[in-house]
Every structure is written in structure tokens, then in C-alpha cells.
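This report concerns only the one structure given below.
The values are calculated or read from the model by the stated rules, or taken from the named source; none is laboratory data. As the structure is a computational prediction, the values presented were derived from the model and not from experiment. Quick reminder, even Gly has a Cβ in these numbers, built from the backbone with ideal geometry, and neighbours come from all protein chains shown.
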Amino acid sequence: MPVVVIANPKGGVGKSTLATNVAGYFASQGHAVMLGDADRQQSSKLWLDLRPEAARPIATWDVNADLIVKPPRGTTHVVLDTPGGLHGWRFNDVIKLADKVIVPLQPSVFDIFATRSFLDQLAEHRHAGKLQVGIVGMRVDARTIAADKLSEFVQGLGLPVLGNLRDTQNYIHLAARGLSLFDVAPGRVEKDLEQWRGLCNWLDS
């Protein structure tokens, strides 16, 4: 049972957007998915509450920031949305559960520096075991200097970039209805699905 953790110690970088869409992708593949939300803001939990009955089912994994437990049996795929400021024993508990960690990263010098030590920690765990770590650029406009700086930073980490996601209202409109990119007609979100292709391949590997 793969456990995919979405983590970055900085808030507001798009963790819940990634978590809900990863869960939506797994559900679209017919998996028995659970989505846990250890963030006190409970954005992913709210998304689940908004999810229509007609959509592919995604179960709630009841977790909180102070107690990360193993997901229940009967689940094939688990996604965990984590809080900003993840460190110490909470970080260690999450990493013990994780098979894969996705780190959303925005093309901002502040986000890059705030995330550096966290990525170094993940790299240590990655080299010590079977943990897979990947980076996803969030709200990236490839035509900007900020995007170039993000690319330069990531190249020096030795971690794969799974994709760069554009800044679009599609995520906002879908989230308001409890939906992901994978719950609507592909033609409506074709450009975004193309940006997800590398990430989906990595999730399936």
C-alpha cells in the first residue's frame, strides 16, 4: 500500500492542491484511496466534505498533527496532506509511514531558502532507505526569471522535478466543488493534465 506524503515546512505553497489532486488521480485509476489531513487548517478535509456523491469515492483518513497512525486495512493507496512547520518527531513519524514524498515548491527566493534544510533532511532519508522524493514546481510561469532560479536551485539537489504546474483558476474552481482534474472531462483541463503526466508516471512507478 503506497503512502504518498505531500510536505513542505512553508505554508501556502500548494500542499492541499497537490494532495487532493493526487488522491483524485488514484481514485480515477480505480484504487481504494484514503486522504488524510494533518494540517490544522483542514483544507483537504474540507475538500472531501464538498466532494459530490457521484464522484469516485475517496475515504477520510482521520489523522491530526499530534498523532500520525498507520492507515486502516482495506486501503490500497494513501495520501497525506501535512502542516506547515513540519519538523522534529512529527517529521520523523510521517517519514516512517511514507513511501513517496512530494515537495511543492514555488519559484520564490523566500520559498526556496525556507525549504532548503527540509530537502536536505529528506535527502538523508532517501539515501538511507527506499524513500522516493520528488519536487513539483507550483504556480510556475516558465517565461520568468523566478522560474529560471527555481530550475537552477533544483538542479543542485539531485532530486527529480516531477512537473511544473501553472497558476490557473481551474484548481480553485474544482476545489470549491470537491473535485480534482481527474474528475472532469479531459478536454476541459487538457493543458493541466499534460503538466501532470510526469507526476502521474512517477506515482505509478
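Computed values, structure above
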quantity	calculated
Answer residue from segment 86-99, given it is more than 16 Å from Asp37 (Cα to Cα) and charged (D, E, K, R) and is modelled with the highest pLDDT among those	Asp99
Identity of the residue in segment 104-121, hydrophobic (A, V, I, L, M, F, W, C) and touching a helix residue (DSSP H, G or I) at 6+ places or on another chain (Cβ under 8 Å), that ends up nearest to Gly198 (Cα to Cα)	Leu105
Odd one out for Leu35, checked against (1) in contact with an Asp or Glu (Cβ under 9 Å, 6 or more places away or on another chain); (2) assigned to a helix (DSSP H, G or I); (3) in contact (Cβ under 8 Å) with a residue 24 or more places away in the chain	(2)
Hey, Arg188 within 24 Å of Gly24 (Cα to Cα) and of a type in the set (Lys, Arg) or not	yes
Segment 104-130, subset more than 11 Å from Lys10 (Cβ to Cβ) and among the aliphatic types (A, V, I, L, M), residue farthest from the chain's Cα centre (by Cα)	Ala128
Conditions (1) at pLDDT below 80; (2) more than 23 Å from Gln29 (Cβ to Cβ); (3) not basic (Lys, Arg): number failed by Phe110	(1)
Residues of segment 114-153 that turn out to be over 27 Å from Asn170 (Cβ atoms) and of a type in the set (A, V, I, L, M, F, W, C), as a count	6
Selection from segment 151-181 of residues that are at positive phi and either among the β-branched types (Val, Ile, Thr) or under 15 Å from the mean Cα position of the chain (by Cα) (or both)	Gly163
Candidates Val101, Val133, Val94, filtered to the one that is farther than 17 Å from Gly12 by Cα, out of contact with any helix residue (DSSP H, G or I) (no Cβ under 9 Å at 6 or more places or on another chain) and buried (at least 18 other Cβ atoms within 10 Å of the Cβ)	Val94
Matching option when the condition is at pLDDT 95 or above and not small (Gly, Ala, Ser), among Leu18, Leu80	Leu18
